[in-house]
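First comes the structure, then the notes that go with it.
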Amino acid sequence: MRLHPLILLSFLSVVALCLPVATAQQSSSLNLRQGLTASEPGVPAVNVTVDKRRVPLGTLVTFTLTPANVVRSSRYAVTLHFGDGKQQSVRATEVSHLYQAVGTYVYRVQVKSIQLPPQVSLIANPNPVTPGQPVSFFAQLSSSYPKIQYRFSFGDGTASAWQDNPRSNHAYQGDGRYSAYVDIRDATQPFGGSERKIIEVKGASKPFRVELSANPVAAKALKPVTFVARTFPANQKTKYRFEFGDSQFTAWQTNALTTHVYRNSGNYRARVEASRFDSGGSTNATSAPTIVAVAYTPSPTPAPKPTARPQPTPGSSPSPGGSPSPTNGSSPSASPSPSSSPSGSTSPSPGGGAASPTPGGTAQNGGGSSSSSPGGSSSSVNGSSPNGGAGNFGIPYKWWKYLLIAALILFLIYQASGLLFVSRPTFTPFADQGVSTVANSERGLPIDFQLLLNRNVSTGTYEVETSEPHFVKNSGRLEERQILEI
């Protein structure tokens, strides 16, 4: 088959024209090649692909990264290198890039592990502590991290400087509850701090002691003495045993008060023993001795009442119970009686001794006469007869007390009558023109009622009673003009 020369020439012309166009298109495209993925040991690999390997200049190239969980994880840093000197940290699975020149580019991805800042906790020992006792603080990290620094805040207004050492010591000076913590940082930024740690500081427990007081300390025998025990610090679960110094003591009791009676005089050293029960067990303490001075005061003996000794009255007749005059062999007569004999006499003679009548009618004198007073009359020893005869002034002795009581009753009646019959006040009215805020020139008050008391009226409270309808009123009988001025 022979081609027509004209057709062959036309075909060759078309090929000649297309060759420059294909060469021009080939010179305006770029080529992409995948390089090796750079990853640290133990870090998962990330794959990257492009949508086309030969890309015309000026066309965006889309890169796809897998797996997505590694690309999006905050624990890893994924960096895409485009091969033209540019790179980008990515957290998405698709990234676009525009190349600026024709050429062949090798792209690659780099994966690194990101180390998160560690957590820190504060350890304090000992806790609780007493004032002045040092506390050791330690900052404990959850994981190792390079170039970490620490700053301790102790909660009492003081803090340490930034330091590389994770340990610090501090002593608190006062009782209280203090909130301590520690902050951490690296060379560029702070990472935060620990939770607050409560440090309890309280004074050392005071020793258990007991005191004893007595009232009165200067006591009297056979009189009660009160003892009171006090414990420091106070504790409700405390028992007491009192020793009084006279070999007497009480059993254990919960009451901190007791009484005791000393029977003899002397100085006694009393003390009390206390026993406290708490979570730490029992603790005993004994008080210092309390001196109780006891004096013995004997009961006063009542003085005997004086016996009245009435004086004899001159000229008194012998009492019926007087001593009889002895006779020669005859019994004494019971009482003197007038004799019927003309020679006998019943009354003593003014000029001499009194002759006692005898049954024979003869008077006995000399050694056989009865004793008589110088005035010629016999006297009684105590001024009264043994059977309650008359005393002084002729009044029986047992009636003196009744007379004294009667006089006292009369005196009280007299005093009471003085209270009942007190002088009453005398009121004197004076009628004159009164003055009042409701009075005027036309209708003034008719009277000014003044009360005068007598000077002999005793001090007291007195009332004035009036009958309202008949008391002071003005002529108009207006209710608001019923005025009483005193």
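The values are calculated or read from the model by the stated rules, or taken from the named source; none is laboratory data. Just so it is clear, the structure is predicted and the values come from calculations on it, not from any experiment. Neighbour counts are summed over all protein chains in view; Cβ atoms, including those assigned to glycine, are modelled from backbone coordinates with ideal geometry.
Quick notes on this one:
- Residue check for ALA124: in contact with a Lys or Arg (Cβ under 7 Å, 6 or more places away or on another chain), at pLDDT 90 or above and either at negative phi or assigned to a strand (DSSP E or B) (or both): yes
- Qualifying positions in segment 40-70 - assigned to a loop (DSSP other than H, G, I, E, B) and β-branched (Val, Ile, Thr): VAL43, VAL46, THR59
- Hey, VAL225 assigned by TED's automatic domain parsing to the domain that holds ASP278, modelled with pLDDT under 95, within 30 Å of the chain's Cα centre (by Cα) and among the aliphatic types (A, V, I, L, M) or not: no
- Residue check for VAL43: closer than 16 Å to GLN110 by Cβ and modelled with pLDDT under 85: yes
- Selection of segment 230-253 for residues being surrounded by fewer than 17 Cβ atoms within 10 Å (Cβ to Cβ), within 15 Å of LEU212 (Cα to Cα) and touching a Ser or Thr at 6+ places or on another chain (Cβ under 8 Å) yields ARG230, THR250.
- Restricting attention to segment 155-174, the residues being under 16 Å from PRO131 (Cα atoms), of a type in the set (D, E, K, R) and exposed (fewer than 13 other Cβ atoms within 10 Å of the Cβ) number 0.
- Scanning segment 127-154 for residues that are part of a loop (DSSP other than H, G, I, E, B), crowded, with 16+ Cβ neighbours inside 10 Å and modelled with pLDDT under 95 yields a single hit, ILE148.
- Filtered residues of segment 61-89 (kept if among the aliphatic types (A, V, I, L, M) and closer than 12 Å to LEU30 by Cβ): VAL61
- All positions within segment 264-287 that are surrounded by 11 or more Cβ atoms within 10 Å (Cβ to Cβ) and outside any strand (DSSP E or B): SER265, SER287
- Listed by first and then second residue, the pairs with beta-carbon distance under 6 Å, at least 6 apart or on different chains, first residue in segment 175-191 and assigned by TED's automatic domain parsing to the domain that holds PRO134 and under 18 Å from VAL135 (Cα atoms), second charged (D, E, K, R) and part of a loop (DSSP other than H, G, I, E, B), are ASP175/LYS202; TYR178/ASP156; SER179/ARG196; TYR181/ARG196.
- Per-region count, segment 208-243, residues in contact (Cβ under 8 Å) with a residue 40 or more places away in the chain, among the β-branched types (Val, Ile, Thr) and more than 15 Å from GLU273 (Cβ to Cβ): 2
- Set ALA68, ALA38: member being at pLDDT below 75, assigned by TED's automatic domain parsing to the domain that holds TYR105 and either more than 60 Å from the chain's Cα centre (by Cα) or surrounded by 13 or more Cβ atoms within 10 Å (Cβ to Cβ) (or both): ALA38
- Matching option when the condition is at pLDDT 90 or above, surrounded by fewer than 17 Cβ atoms within 10 Å (Cβ to Cβ) and farther than 28 Å from ILE184 by Cβ, among LEU80, LEU60: LEU60
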